[in-house]
Amino acid sequence: MRKAIGLDIGGTNTRAALINEDYSIEKIVIHDTVSGSLEAFLESVSSIIEELCPDRKEVVAIAGGVPGRVRHDGYIYALPNIHIDSIPLQEYLEKRFFLPAKIINDAEVASLAEANVGPYKDAKSLYFVTISTGVGGALTINGELRNSSYEVGHTLFEYKGKNYEFEKIASGTGIKTLCELNGIKIASAKQFFDGVREGKKDFLPVYEDWIDLLSRFFKMIQSLFEPEIIALTGGVMKSSDLFFEKLKSACPNSRLLPCSHGQEAGLLGAGVLAFQSLS
């Protein structure tokens with residue numbers, strides 16, 4: 001059976017997996033992500049691949065996702081959380097391992113997992129959204145990427161008479177800014193959600209504003225792309241019990257569902273990307 005090497009490169013960890021054509025993960029290796037040096041970063045990626053799969057006779061491709069803007073040829077403009085830029089990762093992998101390689105944004109990779117593996121694989125169209133430190137998104141139609149929209153978090157939204165990038169006031173870190181705009185200082189989104197659970201009176205209006213911002217965002221997505229499913233993941237979903245049903249009620253024309261793969265979405269999506277890239 002043909003196999004692919006999937007890479008999920010984050011600011012903290014780099015994860016590599018050997019994935020077969022049935023999209024079963026056969027082996028995973030995890031290393032700390034090397035930052036600050038392009039040469040050391042590239043060498044660390046090759047070393048994790050070597051450790052994962054010293055004998056690559058059955059491997060037909062390498063694919064992966066990174067948290068940054070990626071050109072169509074896999075050239076990465078910058079990885080801010082890893083403190084390097086101008087990274088020819090796709091070209092490097094192809095020359096190093098003599099295999100076809102494909103590198104794209106990590107939100108796009110995760111969208112491929114949701115659209116091709118698991119309970120949503122029969123959906124004709126799916127829009128993937130992640131809300132964590134920032135906000136990313138990607139559209140798939142019939143299991144293939146159709147819209148490179150991981151910059152959707154930079155869409156401008158009006159709030160109290162001023163325009164803000166959506167992720168600056170609605171992401172996990174953006175919630176802190178949203179609170180500050182209302183005279184509330186918090187250390188984290190968790191503190192905010194805890195305060196809402198406790199019924200703190202000054203938190204509740206901000207919570208309602210946040211739900212309104214999210215509903216406006218998802219209504220925009222629905223209007224622009226008309227996806228059959230909008231799949232949501234990210235750090236804020238740790239508090240989904242607090243807001244998800246309310247959010248769904250605020251978006252009656254959208255089918256909002258939680259993503260199904262969790263931490264493995266990046267690796268599974270990389271496997272999908274690898275096999276799709278061959279065809």
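Specify the residue with the greatest mean-square fluctuation among Gly266, Gly36, Gly65, computed from a Gaussian network of the chain linking alpha-carbon atoms under 10 Å apart. Maximum fluctuation in the GNM of the chain, among the listed residues, is at Gly36.
Farthest toward the positive end of the dipole of the chain, out of Ile19, Pro67, Leu213, is the Cα of Leu213, where the dipole comes from beta carbon charges about the Cα centre. Within a straight-line Cα-Cα reach of under 13 Å, Lys185 can be paired with the following aspartates and glutamates, leaving aside sequence neighbours fewer than 8 residues apart in one chain: Asp202. Quick one: pull the percent of accessible area on region 199-279 belonging to carbon and sulfur, 1.4 Å probe, ligands and nucleic acids left out. Solvent-exposed carbon and sulfur of region 199-279 make up 49 percent of the total.
Comparing Ile28, Cys259, Val117 along the charge dipole axis of the chain, the residue lying farthest to the positive side is Cys259, per the Cβ-charge model.
As a length-normalised measure over Cα pairs under 8 Å and 6 or more apart, the relative contact order of the chain settles at 20 percent.
Computing Rg and the Kirkwood Rh from the Cα coordinates of region 155-279 gives a ratio, Rg/Rh, of 1.02.
With all protein chains in place and ligands, DNA and RNA left out, the 1.4 Å accessible area ranks Leu181, Leu126, Leu156 as Leu156, Leu181, Leu126, largest first.
With +1 on each Lys and Arg Cβ and -1 on each Asp and Glu Cβ, how big is the dipole of region 139-279 about its Cα centre, in debye rounded to the nearest 20?
Details: 16 positive and 17 negative charges, 61 e Å.
Here region 139-279 has a charge dipole of around 300 debye.
Our helix-only sum for the chain, with -39,500 (n - 2.57) per DSSP H run of n ≥ 4 divided by its residues, gives a mean residue ellipticity at 222 nm of -11500 deg cm²/dmol. Taking Val236, Val152, Val196 as the candidate residues, the one with maximal mean-square fluctuation in a Gaussian network model of the chain, Cα springs under 10 Å, is Val196. Placing unit charges on the Cβ atoms only, positive for Lys and Arg and negative for Asp and Glu, gives region 195-259 a dipole magnitude near 80 debye about its Cα centre.
Between the beta carbons of Arg146 and Glu198, assuming R0 = 30 Å, the FRET efficiency works out to 0.10 to the nearest 0.05. For the chain, the residue among Gly161, Gly143, Asn81 whose Cα projects farthest onto the positive side of the dipole built from Cβ charges is Gly161. Accessible area per residue was computed with a 1.4 Å probe on protein heavy atoms; Glu151 scores about 70 Å².
Straight-line cross-link partners of Lys162 among the aspartates and glutamates, defined as a Cα under 17 Å from its Cα and at least 8 positions apart when in the same chain: Glu180, Asp209, Asp212. Applying 0.36 nm per residue to the separation of Glu228 and Lys57 and subtracting their alpha-carbon distance, the gain on full extension is 57.6 nm. When the scattering of the chain is computed by the Debye formula from its Cα atoms alone, each counted once and equally, what is log10 I(q)/I(0) at q = 0.13, 0.15 Å⁻¹? The computed values of log10 I(q)/I(0) come out as -0.87, -1.09.
Across region 127-244, C-alpha contacts under 8 Å between residues 6 or more apart give a mean separation that, scaled by the residue count, equals a relative contact order of 28 percent. Once all protein chains are placed together, Phe203 keeps about 10 Å² accessible to a 1.4 angstrom probe.
For the residues Ser215, Ser132, Ser249, a GNM of the chain with alpha-carbon springs under 10 Å puts the largest fluctuation on Ser249.
Given 4 °C and 1.567 mPa s, compute D for region 228-279 with the Stokes-Einstein relation, Rh being the Kirkwood radius over Cα pairs; round to the nearest whole µm²/s.
Details: Rh = 12.8 Å.
The diffusion coefficient I find is 101 µm²/s.
When the C-alpha to C-alpha distance is required to be over 22 Å, the pairs from Lys160/Lys238; Lys3/Lys124; Lys3/Lys27; Lys3/Lys121; Lys102/Lys168; Lys102/Lys124 that qualify are Lys160/Lys238; Lys3/Lys124; Lys102/Lys168; Lys102/Lys124. Treat every Asp and Glu Cβ in the chain as -1 and every Lys and Arg Cβ as +1, leave all other atoms uncharged, and give the resulting dipole magnitude about the Cα centre to the nearest 20 debye. My answer is approximately 560 debye.
The values are calculated or read from the model by the stated rules, or taken from the named source; none is laboratory data. None of the values given here were measured: they were computed from a predicted structure. Positions of Cβ are generated from backbone atoms using ideal geometry, with glycine treated the same way; all protein chains shown enter the neighbour counts. With ligands, DNA and RNA removed, areas are computed over all heavy atoms of the protein, side chains included. Shrake-Rupley method; radii C 1.70, N 1.55, O 1.52, S 1.80 Å.
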